[in-house]
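Rule-based calculations on the coordinates, nothing more; no lab input. Note that this is a predicted model, so its numbers are computed, not measured. Note: ideal-geometry Cβ built from the backbone for every residue, glycine included; neighbour counts use all protein chains shown.
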Amino acid sequence: MNNRPTAISLFSSGGIGDLALVAAGYDILVSNELMSDRHSLFEHNFPETTALTGDIWKLADTIHGHVRERLSGCELDLLYATPPCQGMSKNGRGKLLNAIRSGQRPPFDVRNRLILPTLRIASGMKPRTVLFENVAEMANTVVLDERGEAFLVLDLIRERLGPEYVGRGEVVEFADYGVPECRQRLITVFSRDPALHRWFEATGTFLPPASHSRNGRNGRLPWVTLRDAISEFPAIDAGDPTRAASEVPFHRVPLLDESKYWWVRHTPPEKSAFDNQCVACGFARNPPHVARRGRDGINRTSDSTPIYCSKCGAMLPRPSVQREGKHEIMRGFTSAYKRMSYDEPASALTRNLSYACSDNKLHPEQNRVLSLREAFRVHTIDRFPYEWKRKDGKPTRDKLIREVIGESVPPDGLRRIVEHLLNISSGSVRPSQATDFGPLFSGRTPESVPHGFVD
Ligand SMILES: C[S@@+](CC[C@H](N)C(=O)[O-])C[C@H]1O[C@@H](n2cnc3c(N)ncnc32)[C@H](O)[C@@H]1O
């Protein structure tokens, strides 16, 4: 063994988060991921790691065995786990609530229980530090343990790791670490490393101070905007087959059909096509598309939003469908077919990043969604060596790329976090530097506590 810190990666997918670990200096000994296509990307990019593909419930003991073998008697420094979040995510929460109420889904989502085998591996292996990454909603998620007892996930983590470990979950806005994308995640760190213990007692947090903020005041830099990130890429156009791609690799977008292109083409900056106004007579006061929360707590958009101009009667370039020969407003949220702002970071990239109909997916000015190449930039993947190639030699489809991006955190933000943990552990930062910018940011002080504590 060399003397680099060691890690294992659970729920590794294509290894986007793992780029941060390797950049910080970790050797990733073992990885586990259910889906072979995602893990094949991982295997191509992390050839030194023992990659175990399959269900963590079935592979927990095998993972344990391989880690022990690779450690050959040494301690494991970091267990990095990113269990899937579909059972907790805000996306689709209305649908989820409906399904639970109508008895189509159990109130406790089995996908949330993946924390159980994860904690079994953690308590068997006793890593110096564990780092979980998940959606912010994980903090309030209840899971049933093996005995059927209900626990808040964070309480379960605390209970299973035992008193040797200290830590907490904190909501991080990745734009605060200089990422040109607003993405909030719950970062949960628990550690039994004595240096991290001392740090946590003194500061109450394991997170590095934010380097950026929305307004860039009080010594922080302003958020990196979409303009900063992508304006250099050549213009492309989703309405023209000869201009929907460029010579820049991955700088391509799916074509929009004629109607969709018409809606998108008339969508002003930062607006949704659902609010488009009349292009025939120029009347600009047709009622916008609105959403209201019903008594059942579910947010619904109006189905009576007009699609014909109230002044001249012409059709508005708003998303509509034809039913029984009649045009009606399409079902969709007020953020569907909406342009992002050039003067803010991108909205969170999801696996639907190439679908104009999904939330906040339109380019700020051009008539299209973001290209995959732009997504690599926004998600900070292009700050690291990474190839979209599979070890099994099969082609990497765009759908796989979108899924892998949509389910991962921007690695450069995570790099800041794991480097900070290593610096604390090695004693190269002092607790006083947790709440001021110290030498990192030339002694300026932050405007407030950097992150919202959730427990
Ligand atoms: C949030 S994503 C992980 C993102 C990843 N860490 C990255 O940086 O790209 C969660 C992953 O867990 C995987 N997964 C879901 N159920 C699993 C199971 N039972 N065993 C192992 N992996 C599973 C999913 O296929 C998905 O790729």
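Would you mind ranking H212, H420, H327 so that the residue whose beta carbon has the fewest other beta carbons within 10 Å leads the list? Each step should come with its number before you reach the end.
Values: H212 19, H420 22, H327 13.
With the fewest neighbours first, H212, H420, H327 line up as H327, H212, H420.
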Taking loop as defined by DSSP and a crowding limit of 16 other beta carbons within 10 Å, which GluC sites (Glu not before Pro) in the range 343-399 fit? E365, E387
Of the residues G15, T53, P83, the Cα lying farthest along the dipole of the range 11-92 towards its positive end, which is defined by charges on the beta carbon of Lys, Arg, Asp and Glu, belongs to P83
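Determine the percent antiparallel among the DSSP beta bridges restricted to the chain, to the nearest 5.
Values: 32 of 53 bridges.
Around 60 percent of the beta bridges assigned by DSSP in the chain are antiparallel ones.
What number, in percent, do you get for the relative contact order of the chain if the mean sequence gap of Cα pairs under 8 Å and at least 6 apart is divided by its residue count? Before the final figure, lay out each step's value.
Working: 885 pairs, mean separation 78.2, N = 455.
Worked out over the chain, it gives 17 percent.
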Separation of the H64 and D145 label points, Cα + 7 Å toward Cβ, nm: 1.7 nm
Run lengths n ≥ 4 of DSSP H only: what is the helix-derived mean residue ellipticity at 222 nm for the chain, with -39500 (n - 2.57) per run over all residues, to the nearest 500? -7500 deg cm²/dmol
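Just to confirm the filter: which trypsin sites (Lys or Arg not before Pro) across the range 135-195 are DSSP coil and have at most 16 other Cβ within 10 angstrom of their Cβ? Present the calculation step by step, with values, prior to reporting the outcome.
Values: sites: R147, R158, R160, R168, R183, R185, R192; in loops: R147, R183, R192.
Counting only loop positions with at most 16 other Cβ atoms within 10 Å, the trypsin sites (Lys or Arg not before Pro) in the range 135-195 are R147.
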Work out the length of the dipole vector of the range 1-91 about its Cα centre, built from +1 on the beta-carbon of each Lys and Arg and -1 on the beta-carbon of each Asp and Glu, and round it to the nearest 20 debye. 180 debye
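Roughly speaking, what is the stretch gain from D303 to R331, that is 0.36 nm per residue apart minus the C-alpha to C-alpha distance, in nm to one decimal? Present the calculation step by step, with values, prior to reporting the outcome.
Values: separation 28, 0.36 × 28 = 10.08 nm, distance 0.71 nm.
Between D303 and R331, full extension yields 9.4 nm more.
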Among S320, F250, T350, pick out the residue whose Cα is farthest towards the positive end of the charge dipole of the chain, where Lys and Arg carry +1 and Asp and Glu carry -1 on C-beta, about the Cα centre. S320
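Just flag the GluC sites (Glu not before Pro) in the range 246-282 sitting in loop per DSSP whose Cβ has no more than 12 other Cβ atoms within 10 Å.
Values: sites: E247, E258, E270; in loops: E247, E270.
Within the range 246-282, the qualifying GluC sites (Glu not before Pro) (loop, at most 12 other Cβ atoms within 10 Å) are E247.
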Using the Cα centre as the reference, give the magnitude of the dipole from point charges on the C-beta atoms of the chain (Lys, Arg: +1; Asp, Glu: -1; all else neutral), rounded to the nearest 20 debye. 1200 debye
Just how far, in whole angstrom, is the range 1-49 from the range 274-343 if you go by their alpha carbon centroids? 45 Å
The size of the Cβ-based charge dipole (Lys, Arg +1; Asp, Glu -1) of the range 131-214 about the Cα centre, to the nearest 20 debye, is 180 debye
